[in-house]
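The values are calculated or read from the model by the stated rules, or taken from the named source; none is laboratory data. Nothing here was measured: the structure is a model prediction, and the numbers come from that model. Quick reminder, even Gly has a Cβ in these numbers, built from the backbone with ideal geometry, and neighbours come from all protein chains shown. Each accessible area value is taken on the protein alone, full model and side chains, heavy atoms only, with ligands, DNA and RNA left out. Shrake-Rupley method; radii C 1.70, N 1.55, O 1.52, S 1.80 Å.
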Amino acid sequence: MKINPEYKELAWQGLWKNNPGLVQLLGLCPLLAVTSTVVNALGLGIATLFVLICSNATVSAIRHWVPKEIRIPIFVLIIATFVTCVQLLMNAFTYDLYQSLGIFLPLIVTNCAIIGRAEAYASKKPIKLASFDGLMMGLGFLAVLMVLGAIREILGQGTLFDGANLLLGPWATELKVQIYHLDSQFLLAILPPGAFIAMGFLIAGKNVIDSKIAQAKPKKLEQAIERVRVNFES
Amino acid sequence: MAFWIASSPHNHQQSETSALMRLVIYAAIPGIFAQWYFFGWGNLIHILLAVITAIVAEFTVLSLRNKKITTQLFDGSAILTAVLLGISLPALAPWWITIIGSFFAIVVVKQLYGGLGHNPFNPAMAAYVMLLISFPLQMTQWQPPLSLLAMDIQLTDTLAVIFTGYTPQGYSVEQIRTHIDGFTMATPLDTVKTNITLGLTVVESMQAPTIGKHFGVGWEWINAGFLLGGIFLLFKKAIQWTTPFSFLLSLFICSFIGFIISPDSSTSTMFHWFTGATMLGAFFILTDPVSGATSVKGRLIFGALAGLLVYLIRKFGGYPDAIAFAVLLCNMAAPLIDQYTRPRTYGHKLGVKK
């Protein structure tokens with residue numbers, strides 16, 4: 001079975017090279033606002049992932065019948081539909097998490113990462129590729145959310161996976177890891193400014209890794225172009 | 001023999017950064033001495049901790065950035081930042097407050113922006129604000145002056161409180177802060193603010209033991225010490241007169257207007273001048289040449305804005321003192337102020353567009 005190289009490229013783009021969180025810097029509002037704990041980040045990340053896959057697939061499926069002039073409102077409607085689905089689902093099954101995500105759950109509609117993918121990729125490609133792109137972009141976004149959430153939770157409260165039972169059910173209470181004990185919370189890490197600072201460090205870290213990779217790669221020798229006189233008249 | 005004719009300027013200032021920084025640190029000594037005399041060893045310990053952390057942090061970042069370590073590490077700017085931070089912390093704050101604050105000031109506020117001369121915010125004040133919003137409990141446990149304490153606090157007691165939270169006799173910070181009559185004491189500014197919300201007038205608040213005869217036991221002398229140091233700096237031409245002058249004048253005018261309008265709920269002008277961190281802010285913080293405005297007119301506006309902000313936050317805001325917040329807000333405004341107060345270069349006419 002031959003795998004289309006486009007898939008590999010899509011995975012690389014979504015997870016690292018064109019990561020919606022670290023490189024495109026899209027959807028910063030939820031990224032910074034709800035990543036105070038890993039569980040919040042995970043909840044929002046999964047919701048975004050779901051919306052991204054579904055909206056990409058739908059947009060791609062109807063791409064031949066959408067008039068170009070009104071495509072944006074149609075995309076927004078599609079995204080809003082899926083966000084409403086997610087919202088109702090979370091309201092039904094993970095009510096506490098729904099409460100703690102608050103307004104940022106419906107605000108997924110305005111997440112530019114989603115409409116950006118719909119416009120830039122899904123509206124031009126077949127369903128399979130588009131949904132795979134949604135999956136990879138969503139995973140990339142989810143990864144950034146998780147890392148940011150982990151950093152802020154460890155710095156702010158000294159725990160990891162606090163409140164995992166909100167998302168996964170009562171058994172997950174045991175997932176909570178107490179890394180170290182704090183007498184008082186480090187509020188800066190929990191408040192939005194801490195998210196901005198941690199985000200800056202993450203982006204810097206990614207750039208450092210990128211430049212290390214670029215240095216490690218053997219440089220391609222530039223072929224010297226020797227000019228030959230072509231003007232025979234003089 | 002030919003004369004070598006150099007172009008202007010002919011008079012050079014030979015002093016280096018380190019000399020200037022050392023001068024500012026010396027100038028802070030009277031204030032620190034007053035702090036030690038009235039509040040004990042706490043701030044000296046914090047200054048020491050902050051300086052050590054700052055040097056370690058500066059060394060680490062400089063070596064990561066492949067900079068010249070010997071010259072930049074000992075140019076005194078990191079030490080000055082640490083000293084200012086140590087002065088402004090509550091005397092009995094736990095040790096990790098200072099470590100985190102000093103580390104943040106050097107690594108994030110100063111070095112991440114490119115080191116000395118590139119930081120948009122005053123590192124000491126940014127670190128102070130970070131600590132204040134991150135650890136509100138620890139950062140508001142101000143120690144009352146020694147003369148009002150029910151117990152005698154020696155160097156060992158202070159050390160033990162800072163590093164373990166309790167004195168060797170087992171008293172907590174909260175117990176140390178408690179007056180002999182059983183109520184917790186705060187700073188003069190805090191006392192007045194709380195009393196106003198309780199419906200007391202300013203005149204009644206002035207009876208509080210922390211305020212004493214004038215504007216606050218100890219605080220008036222600390223401010224006088226920093227004023228003295230500031231005048232020394234002015235005399236040495238280490239700082240310009242413009243920023244402190246306009247800051248103090250602006251604070252004076254604002255508090256005077258407030259006092260005229262409602263003397264029962266506003267404190268006097270001199271109370272604003274001689275409590276809290278007013279003089280430290282005026283002469284040591286706002287005069288930071290990096291994060292402040294540049295031109296003479298710009299500095300006047302910068303200082304006046306800071307004075308207005310300090311008064312507004314002290315009077316109407318949620319925090320009793322406001323130097324750090326005002327300084328940060330003014331630092332943000334400094335580039336804009338600079339843009340609109342660019343001085344006329346010689347030979348150019350006013351109002352002529354190119």
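Quick one: which residue in A:PHE161, A:PHE186, A:PHE201 is open to solvent by 70 Å² or more (accessible area, probe 1.4 Å) and within 14 Å of chain B (Cβ to nearest Cβ)? So that I can check it myself, show each step before the final result.
Numbers: A:PHE161 fails: within 14 Å of chain B (Cβ to nearest Cβ); A:PHE186 fails: open to solvent by 70 Å² or more (accessible area, probe 1.4 Å).
So the residue among A:PHE161, A:PHE186, A:PHE201 that is open to solvent by 70 Å² or more (accessible area, probe 1.4 Å) and within 14 Å of chain B (Cβ to nearest Cβ) is A:PHE201.
Of all the numbered requirements in (1) touching a Leu at 6+ places or on another chain (Cβ under 9 Å); (2) under 29 Å from B:PHE302 (Cβ atoms); (3) modelled with pLDDT of 80 or more, B:SER268 misses one, and that requirement is (1).
Please go through region A:125-183 and give me each residue that is among the charged types (D, E, K, R) and within 17 Å of the chain's Cα centre (by Cα), ordered by number.
At the first step, the residues of region A:125-183 found to be among the charged types (D, E, K, R) are A:125, A:128, A:133, A:152-153, A:162, A:174, A:176, A:183.
Within region A:125-183, A:ASP133 is the sole residue that qualifies.
May I ask you to list the residues in region A:55-84 that are open to solvent by less than 30 Å² (accessible area, probe 1.4 Å) and touching a residue at least 60 places away in the same chain (Cβ under 8 Å)? Listed by number, the residues that qualify are A:SER55, A:ASN56, A:ALA57, A:VAL59, A:SER60.
Out of curiosity, is B:LEU300 in contact with a Ser or Thr (Cβ under 7 Å, 6 or more places away or on another chain) and modelled with pLDDT of 90 or more? Can you show your working first?
On the way: in contact with a Ser or Thr (Cβ under 7 Å, 6 or more places away or on another chain): yes; modelled with pLDDT of 90 or more: yes.
It is true that B:LEU300 is in contact with a Ser or Thr (Cβ under 7 Å, 6 or more places away or on another chain) and modelled with pLDDT of 90 or more.
Conditions tested, residue by residue: (1) more than 21 Å from B:VAL161 (Cα to Cα); (2) open to solvent by less than 50 Å² (accessible area, probe 1.4 Å); (3) not basic (Lys, Arg).
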residue: B:ALA50; (1), (2), (3): no, yes, yes
residue: B:ASN66; (1), (2), (3): yes, no, yes
residue: B:ILE69; (1), (2), (3): yes, yes, yes
residue: B:GLN72; (1), (2), (3): yes, no, yes
residue: B:ALA78; (1), (2), (3): yes, yes, yes
residue: B:THR81; (1), (2), (3): yes, yes, yes
residue: B:SER88; (1), (2), (3): no, yes, yes
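If the condition is being of a type outside the set (A, V, I, L, M, F, W, C) and open to solvent by less than 10 Å² (accessible area, probe 1.4 Å), then region B:206-217 contributes B:THR210, B:GLY216.
I need the full set of residues from region B:158-169 which are touching a strand residue (DSSP E or B) at 6+ places or on another chain (Cβ under 7 Å) and within 14 Å of another protein chain (Cβ to nearest Cβ), in order please. Selection gives B:GLY165, B:TYR166.
Do we find that A:GLY156 is within 26 Å of B:VAL108 (Cβ to Cβ), open to solvent by less than 50 Å² (accessible area, probe 1.4 Å) and touching a Gly at 6+ places or on another chain (Cβ under 8 Å) in this structure? Working first, answer last.
Working: within 26 Å of B:VAL108 (Cβ to Cβ): yes; open to solvent by less than 50 Å² (accessible area, probe 1.4 Å): yes; touching a Gly at 6+ places or on another chain (Cβ under 8 Å): yes.
Against the criterion (within 26 Å of B:VAL108 (Cβ to Cβ), open to solvent by less than 50 Å² (accessible area, probe 1.4 Å) and touching a Gly at 6+ places or on another chain (Cβ under 8 Å)), A:GLY156 qualifies.
Evaluated against (1) touching a Phe, Trp or Tyr at 6+ places or on another chain (Cβ under 7 Å); (2) modelled with pLDDT under 90, B:GLN13 falls short on exactly one condition, (1). Have a look at A:LEU32, A:LEU10 and point out the one that is modelled with pLDDT under 90 and either open to solvent by less than 10 Å² (accessible area, probe 1.4 Å) or in contact with an Asp or Glu (Cβ under 8 Å, 6 or more places away or on another chain) (or both). None of the others qualify; the one that does is A:LEU10. Any residue in region B:96-112 that is within 13 Å of chain A (Cβ to nearest Cβ), more than 30 Å from B:ALA334 (Cα to Cα) and either open to solvent by less than 10 Å² (accessible area, probe 1.4 Å) or touching a residue at least 40 places away in the same chain (Cβ under 8 Å) (or both)? No, that holds for no residue. Among the residues making up region B:125-157, those that are within 12 Å of chain A (Cβ to nearest Cβ) and small (Gly, Ala, Ser) are B:ALA126, B:ALA127, B:SER134.
How about region B:1-44: which of its residues are among the polar types (S, T, N, Q) and open to solvent by less than 100 Å² (accessible area, probe 1.4 Å)? Result: B:SER7, B:SER8, B:SER15, B:THR17, B:SER18, B:GLN35, B:ASN43. Residues that are part of a helix (DSSP H, G or I) and hydrophobic (A, V, I, L, M, F, W, C) within region B:191-210 comprise B:VAL192, B:ILE196, B:VAL202, B:VAL203, listed in sequence order. Among the conditions (1) more than 18 Å from A:GLY140 (Cβ to Cβ); (2) modelled with pLDDT under 85; (3) open to solvent by less than 40 Å² (accessible area, probe 1.4 Å), the only one that A:GLY27 does not satisfy is (1).
Can you find, within region B:120-145, the residue that is surrounded by the fewest Cβ atoms within 10 Å (Cβ to Cβ) among those that are hydrophobic (A, V, I, L, M, F, W, C) and within 19 Å of B:LEU189 (Cβ to Cβ)? Ranking the qualifying residues of region B:120-145, first place goes to B:LEU137.
Counting residues in region A:103-121 that are within 17 Å of A:ILE53 (Cβ to Cβ), hydroxyl-bearing (Ser, Thr, Tyr) and crowded, with 18+ Cβ neighbours inside 10 Å gives one or more.
Just one of the listed residues (A:VAL208, A:VAL147) is among the β-branched types (Val, Ile, Thr), assigned to a helix (DSSP H, G or I) and within 22 Å of A:ILE108 (Cα to Cα), and it is A:VAL147.
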